Structure formats: structure tokens, C-alpha cells
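Structure record follows, encoded as C-alpha cells.
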Amino acid sequence: MTEPTLSLRGLTVEIPTRHGLLRPVDKVSYDIAPGEILGVVGESGAGKSMAGNAVIGLLNRPARIAGGEVWLNGTRIDQLGREPMRKLRGKQIGMVFQDPLTSLNPLLTVGDQISETILEHLPLSRAQARERAIAALDEVGIPAAKDRVDSYPHAFSGGMRQRVVIALALCAEPSLIIADEPTTALDVSVQAQIIALLKRLCRDRGTAVMLVTHDMGVIAEAADRVAVMYAGRLAEIGPVADVLGAPRHPYTVGLMGSTPGASRGQRRLTQIPGAMPRLGALPQGCAFHPRCPRRGLNCDVDPAPGLEADGDRSACWFPVSDSEQVPA
Amino acid sequence: MTDETKVPLVRVSNLTRIFDVSKPWLNRVIERLPRARLTAVSNVSFDIPDRSVYALVGESGSGKSTIGKMVVGLLDASEGEVEVRAPDGQDDARGAGRTGVQMIFQDPYASLNPRWRVRDIIAEPVAARGGDTKGVAEALLEQVGLSVEDAGKFPHEFSGGQRQRICIARALADNPRLIVCDEPTSALDVSVQAQVLNLMSDLREEFGLTYLFISHDLTVVQHMADTIGVLYLGRLVEEAGADDLFETPRHPYTQMLFEAAPRMDAYGRDVEPPQGEIPDPINPPTGCAFHPRCPRAVDRCAAERPEMRRVGTSRVACHLAE
Ligand SMILES: Nc1ncnc2c1ncn2[C@@H]1O[C@H](COP(=O)(O)OP(=O)(O)OP(=O)(O)O)[C@@H](O)[C@H]1O
Ligand SMILES: Nc1ncnc2c1ncn2[C@@H]1O[C@H](COP(=O)(O)OP(=O)(O)O)[C@@H](O)[C@H]1O
Ligand code: SF4
Ligand code: SF4
Ligand SMILES: [Mg+2]
Ligand SMILES: [Mg+2]
């Protein structure tokens with residue numbers, strides 16, 4: 001087996017507050033292989049972004065990694081200091097966020113921004129870096145890259161800006177890209193372009209991608225495997241066709257039933273009663289139990305079983321078995 | 001079915017809205033710029049049958065919200081008109097809004113006054129026309145799945161989904177016939193969205209409501225709508241029954257949009273993504289606004305704007321559609 005690009009082992013993030021200790025990410029373990037897109041889904045507040053930010057060392061204080069390990073290409077990175085972590089970002093880990101403007105400097109031309117990142121991480125001359133920047137813009141589909149390289153970010157549309165951000169994330173040839181809601185602010189047609197781009201780059205270069213989104217459709221379209229998060233924990237993880245097509249965790253089942261496109265022909269959408277609990281008021285036992293239609297006797301007492309990186313698919317005492325699946 | 005039921009509740013005719021987006025006068029003089037006009041909605045016509053759900057879809061900037069605001073009367077039309085059939089033959093009142101028409105917005109945070117109690121928020125439309133507000137909020141809160149005790153609380157004490165329920169209750173307070181829903185669930189998580197969409201379907205049956213449902217989300221629209229109108233750059237390019245539209249999209253833009261939308265059942269599908277981007281609405285392309293991106297475009301498309309015409313059970317604005 002090839003070594004995974006990224007390995008999380010029991011990653012736990014804590015936030016000390018006046019009202020007690022919050023745990024937005026709780027013992028999360030998974031691997032992402034080279035060239036693989038892992039989709040991380042869940043509703044807002046599930047801890048998706050926190051998990052991603054923990055990997056790249058961008059947790060805002062007072063949030064901190066309180067347990068577990070993060071491995072990148074066989075090297076442990078969760079205990080690196082500020083400066084080595086900064087070097088790692090950009091060189092080995094590229095980042096794409098929802099709002100492209102947060103990643104772009106409005107005062108620099110896109111060419112200068114990309115060149116600077118290249119020069120910081122690769123031993124090249126200015127002229128070579130500029131050539132690379134043009135090639136990078138060309139690769140992400142900026143038309144007439146040679147002419148646009150000296151434009152400022154504001155001169156680009158939202159979709160074009162996100163392409164520039166992807167070019168920036170890729171220019172030092174990182175082995176991992178963390179994309180947090182990269183298409184959430186974009187129109188469907190532009191979203192399709194960006195997803196196709198991410199898929200192509202990941203396939204051509206063997207880059208691993210952590211694709212964080214709340215959109216099941218984007219996951220279905222882009223991901224090889226999917227990790228479903230609920231209240232800071234992994235609820236279910238597995239190949240995308242298995243998890244979306246035959247979900248085992250009751251929360252995944254509920255999510256699919258609530259998604260209009262996935263429950264085609266149904267007059268009413270399936271409802272999950274209630275809402276995601278606040279971190280400060282997580283229910284005892286399995287955090288999903290107050291909303292769970294399969295809740296068993298001890299679900300309100302026993303924490304749900306943990307998910308090891310190479311273990312079960314769902315963190316549930318009573319998962320939906322294959323024989324219970326409704327044929328499509 | 002009598003003819004009476006076929007009279008549409010809403011008739012939108014040749015609706016156009018132009019915004020003046022010129023720079024200030026002095027800049028124009030110094031920089032020698034002409035006045036700039038943006039046509040947000042261009043010559044749009046459609047009918048909404050009573051007790052049906054008519055959805056408008058389109059990408060950002062296609063004019064959905066602008067049409068919605070003109071339908072409720074929050075914005076004046078530059079040309080054309082909106083007629084809403086008034087109950088028992090009254091003329092529809094002009095001014096701040098039309099009688100019997102209410103609106104629900106995307107952002108349930110911004111659209112509720114944070115200093116008002118829920119009771120007063122919900123009863124406000126009744127109070128505004130001098131009606132009796134006693135018990136109005138309490139009854140409606142139960143209708144929308146909240147509880148009577150919630151009447152005394154303030155908006156910040158509620159989640160996004162609950163706030164949208166409050167907005168819906170407020171919209172219902174005035175016994176509307178038509179509710180314009182502008183992206184009512186776009187800010188909500190899917191599980192909460194499902195709750196709100198189900199609620200909207202139930203209320204529609206119970207009160208015999210008509211919805212103009214605005215959304216950019218094709219799956220939501222497919223789930224909710226009876227009829228769908230597709231907008232591109234302020235123009236209505238296609239209109240069809242929901243099932244027909246998804247089965248046989250006839251306009252090249254609709255086809256492109258459907259092809260691009262993520263599919264839940266096509267894992268690892270490799271699509272050729274759409275080409276190009278939506279053009280600048282201040283300088284829209286000539287003829288058919290879609291022609292620079294259209295794979296089927298012919299010479300005529302750049303020269304002549306296609307009229308809306310009937311093709312099968314659909315209406316399509318494309319020279320080549322059949
Ligand atoms: N008050 C205004 N002044 C100038 N231009 C406006 C104004 N309101 C809307 N526009 C422009 O009109 C066009 C249509 O806008 P509208 O808000 O109706 O789009 P929409 O389809 O609702 O988009 P979205 O999906 O982003 O909500 C856009 O180009 C927009 O920039
Ligand atoms: N500084 C903070 N103090 C307290 N709670 C926080 C803070 N930052 C984030 N959280 C909480 O952490 C949880 C996970 O957040 P996040 O990772 O952003 O979720 P997602 O990306 O899945 O929507 C949420 O419940 C959020 O409210
Ligand atoms: S462990 Fe129990 S409560 Fe939790 S999801 Fe499974 S059945 Fe439901
Ligand atoms: S009128 Fe011409 S350019 Fe417009 S959609 Fe039809 S074929 Fe394409
Ligand atoms: Mg997030
Ligand atoms: Mg809008």
C-alpha cells in the first residue's frame with residue numbers, strides 16, 4: 001500500500017471558554033491517499049473547517065490541538081512550531097477557501113503573488129518564477145494568461161479569482177490541498193468548472209485533496225471517499241458510492257433524505273427533527289440520539305463507537321445493514 | 001374546470017427594470033464617460049395560476065430578486081406591469097405593497113427587527129392595516145411549528161430555521177394569496193431546509209396559497225415547483241412544467257445549466273464543464289444574450305433577439321429550439 005499523504009489519528013481540538021471546555025473536533029481519524037479526494041461533509045458547526053484548520057496550523061486562539069496526531073507524508077506535523085508550519089503551508093499544503101479575496105492581496109498583481117510564493121519555496125530566478133506563474137494561470141484556465149498576469153485581483157470575476165487562488169495553492173506543487181467550501185459562493189456553472197479543475201489537477205499530479213463542503217451534490221460529483229461529520233465527530237466514512245448510495249449511519253440516512261435531489265419523486269422530504277446541538281450542550285451518549293429514529297436502549301448513555309482509520313464505516317451502535325437498504 | 005379557475009392569479013407582462021449605474025456626474029464629465037444603464041430585467045412575461053408554485057431559477061445576477069420585488073410592489077417597473085388579481089374584484093392597491101401579497105427573504109437574520117418581540121413582529125402586517133392583533137401571533141406560531149411561549153421572545157433567541165418560520169408566520173398574518181419567496185432556504189442547512197420546505201408545502205395546501213418561488217438551487221426548485229421559468233441575464237429564456245423541463249430542457253442555456261448541476265447519482269462523473277461566464281449586464285451581447293457561449297449559435301443569433309414562442313408544452317426563447 002502506498003503511504004497516505006495525510007493521516008489524522010484521533011485529532012482533537014479544544015476551546016477553553018468561560019462556560020467550560022468545548023470540543024469542536026473529537027478524536028477524528030482518517031487517511032487521504034495521493035491523488036485521492038476526500039469529501040468532508042456535515043451541516044454548519046459540525047467541525048469540518050476546524051479539522052482542516054487544525055491540519056494547517058491555522059486555529060484561531062484559544063482553539064488548540066488537544067490530542068491526537070497529524071502526519072503528512074510520513075512526518076508528524078501537529079507539534080511543529082509557527083515558522084516551520086508557515087513554510088509547510090504553501091510548499092507542501094495548498095489552501096483554497098470559500099472567499100477568494102481572503103487569499104489574495106488586493107495590492108499585488110496576480111502574477112506577483114504567484115511569483116512570490118514560487119520564489120519562497122522553489123530555487124528559481126524571478127524570470128523563471130514569472131514564466132511559472134503564467135503557466136500556472138494557464139493551467140487553471142485563465143484565458144490569455146500572458147496578458148492577465150499583470151492584472152489585480154479586483155479585475156477578475158468571482159470564478160476567475162477562485163481559479164487564481166487555485167493556481168496560487170498549486171504553484172509550489174504541494175502534495176495536499178485543503179479546499180474549504182471552494183465553490184459555495186459560486187454559481188452552478190462556475191462551480192462545475194472549478195470542480196472539474198480540482199479533479200483534473202488531483203488526477204494529473206497525484207495531489208491529495210481534502211474537500212470540505214456542506215453540499216452533498218458537490219461531494220457526489222467530486223469525491224472518491226466521503227467523511228460525514230456530526231457534532232465534531234466522524235459519523236461515517238467510506239467510498240462515496242457506498243456512503244451516499246447505501247448510508248449506514250442514521251444521520252447520513254437523514255441527510256440524504258433531506259436533500260431534495262437525492263430523494264427524487266418523494267412528495268415530502270424526510271425530516272430530521274430538531275437541529276445540531278450547540279457544542280456547549282452536547283447530549284450524553286451518542287450526540288445524535290435526541291434526533292435519531294433508530295435510537296436504542298443505551299444510546300443516550302454509551303458514547304457511540306469510535307471510528308479507526310482502517311476500521312468500521314459508521315460510528316453507530318445500530319447501523320443500517322445492507323439488507324435494510326431501500327433499492328434505488 | 002371552469003374558466004374562472006384558469007384566470008391566473010398573477011400576470012406579469014413585458015416587465016422591464018433598468019437601473020442607472022452611472023458614476024457621479026462630476027466623474028462622468030472628467031472621465032468623459034457616458035451614462036451607464038443596467039437592464040436587470042428585460043421584457044419578461046409570465047402567468048402564475050392560482051394555487052400553484054411558479055419558480056424562477058437562474059444564476060446570480062439573472063434578475064430573480066428584481067422580478068420578485070416588482071411583483072410584491074417593493075420596486076417599480078421601468079416598463080411593463082404586474083397584475084395581481086385582487087379578491088372579489090377589488091383593485092389591487094398600489095403603494096408600499098400590494099394587498100394579499102407578502103414576501104419572505106433569504107436572510108432570516110436581517111429581515112427581523114432585533115428589538116421587537118416575536119409577537120409584535122408577526123402581528124405587524126395586521127397592525128399596519130389597523131386590524132385586531134390579539135392572539136394572531138400565538139395561533140400562527142403553532143401553525144409554523146413553534147410554540148405559543150415563543151411569542152414573548154426576541155429574534156436572537158432563535159436558530160436560522162426557527163427565524164425563517166417566524167418570517168413565514170409574519171407573511172401569513174395578513175391572509176395573503178401570494179407569497180414571493182426569495183431564496184427562503186438558501187441560508188439553511190439541508191436538514192433544516194427540509195423542515196422549512198415541508199412546512200411551506202403544508203401551509204400551501206392548508207391556506208390555498210400561491211408561491212412565486214425564487215431559487216438558484218435546481219433540486220429545490222424541482223421539488224417545489226409546478227412551473228419553472230429559467231432566467232439568463234434578465235431575460236426569460238424558457239418556461240415549462242417542472243417535470244417537462246427536467247425531462248426535456250429545450251433552451252441551450254437550460255441544457256447547460258442542468259448538465260453543470262451536481263448530480264447525486266453520478267459518482268465520479270466527468271462532465272465537460274460549461275464554457276465562458278455570464279457577460280457584463282451593462283453591455284449585454286446583441287441578439288440572443290446567450291450567443292457567445294452557445295454551442296449551437298448561428299449568424300442569426302447575434303443579430304436578432306429570439307421571441308418567446310411555444311414549443312410543445314414549453315415556451316422557449318431560442319431561434320433553433322424545437
Ligand atoms: N438597486 C440596484 N442598482 C443597480 N443594479 C442593480 C440593483 N439591483 C439589482 N441590480 C443588478 O441587476 C441585476 C439583477 O439582480 P438581481 O438581484 O435581481 O439578481 P438575482 O437573480 O436575484 O441574483 P442572486 O442569485 O445573486 O440573488 C444584477 O446585475 C444586479 O447587479
Ligand atoms: N472561537 C470559538 N469559540 C467557541 N466556539 C467556536 C469558536 N470557533 C468555532 N467554534 C465552534 O466550533 C464548531 C465547529 O466549527 P466549524 O469547524 O467552523 O464548523 P463547520 O466548518 O463544520 O461549519 C462550531 O460549533 C463553532 O460554533
Ligand atoms: S448510536 Fe444510537 S443514537 Fe447514535 S446514531 Fe446509532 S442508533 Fe442513533
Ligand atoms: S437563439 Fe441561438 S444563441 Fe440563442 S440559445 Fe438559441 S441557438 Fe443559442
Ligand atoms: Mg466551515
Ligand atoms: Mg437574489
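A few notes on this one:
- Under 5 Å, built H, 5+ apart or other chain: amide partners of A:V212: A:V40, A:A179, A:D180, A:E181
- Leading residue at positive end of dipole, the range B:269-317 (Cβ point charges), from B:A289, B:T313, B:P273: B:T313
- Set of lysines near A:K199 by C-alpha distance (under 26 Å), chain-local residues within fewer than 8 positions excluded: A:K48, A:K87, A:K91, A:K146
- What the phi angles of the range A:111-127 give under the Karplus curve with 6.51, -1.76 and 1.60, with θ = phi - 60°, is a coupling list of x, 5, 5, 5, 4, 4, 5, 4, 5, 5, 10, 10, x, 10, 7, 4, 5 Hz, glycine and proline written as x.
- Annotation: the residues B:F105, B:F207, sorted from fewest to most other C-beta atoms within 10 Å of their own C-beta, follow the order B:F207, B:F105.
- Sorted by Cβ neighbour density within 10 Å, fewest at the top, the residues B:Y267, A:Y152: A:Y152, B:Y267
- Cα gyration tensor category, rounded, prolate or oblate, for the protein assembly as shown with a/c compared to 1.5: oblate
- Only Lys, Arg (+1) and Asp, Glu (-1) charged, at Cβ; the range B:76-196 dipole about Cα centre in debye: 400
- Considering only B:G73, B:I30, B:I48, and ranking their Cα positions along the charge dipole of the range B:1-74 that arises from unit charges at the beta-carbon of Lys, Arg, Asp and Glu, the one farthest toward the positive end is B:I30.
- Rg and Dmax [Cα atoms of the range B:192-263; Å; Rg one decimal, Dmax integer]: 13.2, 38
- Computed [θ] at 222 nm, helices only, for the protein assembly as shown once each DSSP H run of length n ≥ 4 contributes -39500 (n - 2.57): -9000 deg cm²/dmol
- For peptide A:183-190, the mean count of partner chain Cβ atoms within 10 Å of a residue's Cβ comes to 6.
- Each peptide in B:132-143, A:246-257, B:242-253, A:21-32 was scored by the mean count of other Cβ atoms within 10 Å over its residues; highest first, the order is A:246-257, A:21-32, B:242-253, B:132-143.
- Sequence of B:E272, B:E59 once ranked by neighbouring C-beta atoms within 10 Å, starting from the fewest: B:E272, B:E59
- Dipole of the protein assembly as shown [Lys/Arg +1, Asp/Glu -1 at C-beta], most positive-end residue of B:A110, A:L307, B:T99: B:A110
- Counts of other chain beta carbons within 10 angstrom of each beta carbon in peptide B:192-201 average 5.
- Taking θ as phi - 60° and the Karplus parameters 6.51, -1.76 and 1.60, the scalar couplings of the range A:216-229 work out to 4, x, 5, 4, 4, 6, 10, 8, 8, 10, 9, 10, 9, 10 Hz in sequence order, x denoting glycine and proline.
- Computed from point charges on the beta carbon alone (+1 for Lys and Arg, -1 for Asp and Glu), the dipole magnitude for the protein assembly as shown about its Cα centre is near 1380 Debye.
- Residue by residue along B:254-267, Cβ atoms of other protein chains within 10 Å of the local Cβ number 6 on average.
- Here the Karplus relation 6.51 cos²θ - 1.76 cosθ + 1.60, evaluated at θ = phi - 60°, turns the backbone of the range A:291-303 into coupling constants of 10, 8, x, 9, 2, x, 4, 9, 4, 8, 10, 7, x Hz, with x for every Gly and Pro.
- Cα gyration tensor category, rounded, prolate or oblate, for the range B:144-215 with a/c compared to 1.5: oblate
- FRET efficiency for the B:K153 to B:E79 pair, using the beta carbon distance and R₀ = 41 Å, is estimated at 0.35.
- Expressed in Å, the radius of gyration and Dmax of the Cα atoms of chain B are 21.1, 65.
- Here the protein assembly as shown carries DSSP beta bridges of which approximately 60% are antiparallel, counting only pairs with both residues inside.
- Amide hydrogen neighbours beyond the local backbone of A:L6, cut-off 5 Å, H modeled: A:I32, A:N73
- Beta bridges from DSSP with both residues in the range B:100-243: antiparallel share about 40 percent, rounded to the nearest 5.
- Average Cα contact separation per residue, chain B, under 8 Å, 6 or more apart, as relative contact order %: 19
- Dipole size of the range A:161-218 about its Cα centre, with +1 on Lys/Arg Cβ and -1 on Asp/Glu Cβ: approximately 240 debye, rounded to the nearest 20.
Every number in this text was worked out from the coordinates using simple rules, so none of it is lab data. Bear in mind that the values here come from a model prediction, so they are computed numbers and not experimental data. A quick note on method: Cβ atoms are made from the backbone with ideal geometry, for glycine too, and the neighbour counts reach across all protein chains shown.
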